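The values are calculated or read from the model by the stated rules, or taken from the named source; none is laboratory data. None of these values were measured; they are calculated from a predicted model. Glycine also receives a Cβ, built like all others from the backbone with ideal geometry; neighbour counts cover every protein chain displayed.
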Amino acid sequence: MDISVKDLQEAISIRQQIDNLQRRLSSLLRGAPQRPTAPMARGRYFSPATRAKLAAAARARWARSRGTGGAASLVPPRAHRAEPAARKGQLTPAGRRKLSQLMKARWAARRKAAGKEKSAGRKKGALTPAGRRRLSELMKARWAARRKGGSR
């Protein structure tokens, strides 16, 4: 890479102008919160004040769920509850038994209904002996016609 001294001086001059413009811009926007220049990969941008408010609200929620009515800052971060939490989304043994009985009754009703259908008619898609005989005769006639014609 062959760069002349003149090109290097021009690059340095442009860099100094950019630095001066950035300083002027930051002095103009001194009261506004600093936003990141590059887009962040995750979520939205929150100012430090907003993040502090969100954190305080979360600590207050955690304090309420632990049952302590005091200030959020007085609650230790990993305080354990006196009693274990109730398990959510799981069946009780009584509920499991009831569900099992209902399923067994449903299956028995299906088996009973399926048994009546089987005895009432024949299997769908199966040939009767008469149909099988007719099909055999038709195929034999077709093969004989092919043999007689000598072509496929």
**OP:** Determine, yes or no, whether S73 is modelled with pLDDT of 90 or more, over 32 Å from the mean Cα position of the chain (by Cα), among the hydroxyl-bearing types (S, T, Y) and not in a loop (DSSP other than H, G, I, E, B).
**Re:** no
**OP:** Would you point out which residue out of A94, A41, A49 is under 30 Å from Q22 (Cβ atoms), exposed (fewer than 11 other Cβ atoms within 10 Å of the Cβ) and at pLDDT 85 or above?
**Re:** A49
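Yes or no: segment 83-90 includes at least one residue that is loosely packed, with under 10 Cβ neighbours inside 10 Å, within 31 Å of the chain's Cα centre (by Cα), modelled with pLDDT of 85 or more and part of a loop (DSSP other than H, G, I, E, B).
Scanning segment 83-90, I find at least one residue that is loosely packed, with under 10 Cβ neighbours inside 10 Å, within 31 Å of the chain's Cα centre (by Cα), modelled with pLDDT of 85 or more and part of a loop (DSSP other than H, G, I, E, B), so the answer is yes.
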Original post:
Somewhere in segment 136-146, is a residue at pLDDT below 95 and of a type in the set (D, E)?
Top reply: no
